[in-house]
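The values are calculated or read from the model by the stated rules, or taken from the named source; none is laboratory data. The structure presented is a predicted model; accordingly, all values stated were derived computationally and were not measured. Glycine gets a Cβ as well: all are built from the backbone with ideal geometry, and neighbour counts include every protein chain shown. Note: areas computed on protein heavy atoms with side chains; ligands, DNA, RNA excluded. Shrake-Rupley method; radii C 1.70, N 1.55, O 1.52, S 1.80 Å.
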Amino acid sequence: MKRWSLIVTAAGVLLAAPAAGIIAFEEIAERSGLIFTANSCPTPNKNQPETMVAGVALLDYDNDGYLDVYLVNGAAIPSLKKESPKYWNRLFHNNRDGTFTDVTEKAGVAGEGYGMGVAVGDFDNDGWPDLYVVNVTKNQLFRNNHDGTFTDVTDRAHVGGGMLDGKKMWSVSAVWLDYNNDGLLDLFVSNYCKWEVNQDPVCRANPTTRSYCHPKYYQPLPNTLYRNNGDGTFTDVSAETGIGKHFGKGMGAVIADYDGDGFMDVFVPNDNMPNFLFHNIGGKKFEEVALESGVAYPQSANAVSSMGADFKDVWNDGKPDIWHTATENESFPLYRNRGEGAFWEVTDQSMLGGTRDMSGWSNGIFDFDNDGWKDLFAARGNVLDNVALTSSRTYGENNAVFRNLANGKFRDVSAEAGADFQKTAPHRGAAFGDLDNDGRVDAVVTVLNGQMKYFHNVTENRNHWILLKLVGTKSNRMAIGAQIRITTGDNLRQYNQVTTACGYASASDSRVHFGLGASKIIREIDIKWPSRIHQVLRDVPADQILTIKEPAQ
């Protein structure tokens with residue numbers, strides 16, 4: 001593992017190294033063999049999907065204990081098909097030595113249509129993670145065959161995508177969840193807007209000069225919920241659960257039990273429309289409660305360009321909070337969960353007002369410096385290219401990381417995060433996980449029509465950590481929805497949950513990471529499994545990857 005104390009730029013300028021304790025990253029994608037360009041096939045017709053490619057997933061597809069990388073790609077226009085390998089989705093195997101190998105062809109996961117996002121879950125409870133790829137065109141479900149290959153089971157499973165007016169809806173993100181706690185993973189898909197290839201509206205005064213149009217020019221769509229039947233098939237239950245009656249322009253999709261009733265709820269950030277918060281009522285119905293809960297809009301009471309989102313406990317108080325990205329002049333709203341089903345926006349109070357000068361896509365809430373407090377990461381880049389921007393705005397932006405100061409406030413530490421972190425690009429998807437199992441959370445970020453980035457976490461301090469891999473027995477095998485509370489030796493309590501959904505169109509490590517600060521021993525690990533089984537472990541040593549199996553009760 002490379003540790004560095006000096007940074008020399010291409011121009012030969014010597015920069016000061018990050019001080020101990022500062023969050024820092026080194027970008028090593030190409031050196032690691034992660035060679036990938038998200039190709040959106042930009043055309044003079046300015047098709048809307050060309051600005052939005054694409055998501056990324058981190059998963060251990062071969063169960064060797066190391067995270068592999070799956071990247072979603074676009075397709076040719078106007079066919080919306082992967083007419084050449086430059087449009088393939090790509091799977092990279094982690095060689096466990098800091099390098100990766102492209103195994104796409106062997107694995108059979110190149111995909112077929114115009115890709116947007118990806119979700120990771122073990123839908124058949126066989127202990128091997130499966131892939132669900134969401135597209136502008138037909139979605140695809142790839143079942144893991146346990147031998148390094150996957151089989152497309154979309155048609156058999158009936159999950160090719162929701163239909164409206166006889167046409168498949170444009171999907172952007174998806175999340176696996178067990179919404180009815182029956183031990184089987186169900187599938188929620190966020191859909192964006194009505195769209196036809198080469199039929200985008202003219203949205204400039206001069207009709208001969210085309211431009212990418214504002215979302216207001218497109219009609220919204222409902223989201224889709226599939227219930228797992230337990231036999232390899234799914235049933236579309238969007239109508240009967242109440243999900244299908246709400247129309248929006250969904251981008252991300254994330255889950256948490258925000259009211260502590262034992263059922264997973266779903267937050268969907270909508271692009272220039274009020275956000276959705278689908279409250280799960282006993283695993284049977286969903287009620288859309290974003291407005292009354294305080295997360296439909298920021299305090300400005302105006303809908304913003306909501307993109308990616310994460311749904312985790314920021315304040316270590318046991319209540320999951322919501323943070324989503326947007327574009328310039330809007331800020332990235334942070335909503336604190338105050339209990340009893342209500343949130344309040346605390347963006348400015350939390351010192352995140354500077355995000356008004358940023359455009360963000362994917363994002364994540366993770367403890368990057370292992371001090372016991374979750375930090376914030378945003379993959380940044382403008383929506384439009386330079387031709388369509390004013391001179392005051394730029395297309396490429398550097399990513400952002402905000403350090404949690406443990407008092408409800410954050411500090412933008414992006415400028416201290418290393419020379420690589422200052423480089424600008426139109427970043428899109430981002431997934432988070434510990435790719436080299438060193439206890440520090442890394443980030444993999446896609447770039448629209450550019451080389452992806454692998455931000456290896458090189459933060460240096462003496463803080464401790466633990467990674468928990470939960471294995472369900474009565475609950476779903478991946479334990480998605482399990483809620484975890486840890487208590488460290490200094491009596492700091494932290495809360496997290498098992499989920500893979502994160503940010504925009506992406507999926508992160510299913511293992512649950514906790515930074516422990518100076519604590520070498522975890523006094524207590526308290527787990528509430530989706531089955532309602534309660535498990536407690538005590539006096540657990542730090543600095544390890546610990547597998548915990550759901551007990552029989």
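Between R156 and E240, the contour length at 0.36 nm per residue exceeds the Cα-Cα span by 28.0 nm.
Note on the chain: helix-only mean residue ellipticity at 222 nm, from DSSP H runs of 4+ residues weighted -39500 (n - 2.57) and normalised by residue number, equals -500 deg cm²/dmol. Rolling a 1.4 angstrom probe over the chain with all protein chains present gives an accessible area of which 49% lies on carbon and sulfur atoms.
Taking each residue as 0.36 nm, the span from K423 to C203 lengthens on full extension beyond its C-alpha to C-alpha distance by 76.0 nm. Pairs spanning more than 23 Å between alpha-carbon atoms, out of K46/K245; K312/K469; K82/K168; K86/K138; K82/K106: K46/K245.
Taking every Cα-Cα distance in segment 243-368 and sorting them into 5 Å bins starting at zero, the pair-distance distribution P(r) comes out as 2, 12, 23, 26, 20, 11, 4, 1, 0 percent. A Förster radius of 22 Å combined with the Cβ-Cβ distance from A518 to D317 puts the calculated FRET efficiency at roughly 0.55. Centre-to-centre separation between the Cα atoms of segment 253-289 and those of segment 184-206: 22 Å. For K285, the aspartates and glutamates whose Cα comes closer than 15 Å to its Cα, not counting residues fewer than 8 places off in the same chain, are D178, D182, D186, D236, E240, D257, D261, D265.
Applying 0.36 nm per residue to the separation of K284 and L405 and subtracting their alpha-carbon distance, the gain on full extension is 39.6 nm. Protection proxy ranking for 56-69, 539-552, 340-353, using the average of other Cβ atoms within 10 Å per residue and placing the highest first: 56-69, 340-353, 539-552. Surface exposure of segment 173-316, expressed per residue as accessible area with a 1.4 Å probe, stands at 34 Å². Backbone N atoms of segment 517-553 closer than 15 Å to the 7 Å Cα→Cβ label point of N437 belong to residues 543-548. Legend note: in the chain, cysteines whose Cβ sits 4.7 Å or more from every other cysteine Cβ are C41, C193, C502.
Loop-resident GluC sites (Glu not before Pro) (DSSP state other than H, G, I, E or B) in segment 191-296 with no more than 13 further Cβ atoms inside 10 Å of their Cβ: E196. Only Cα pairs under 8 Å and at least 6 apart count here; give the relative contact order of segment 97-156 as a rounded whole percent. Normalised by residue count, the contact order of segment 97-156 is 27 percent.
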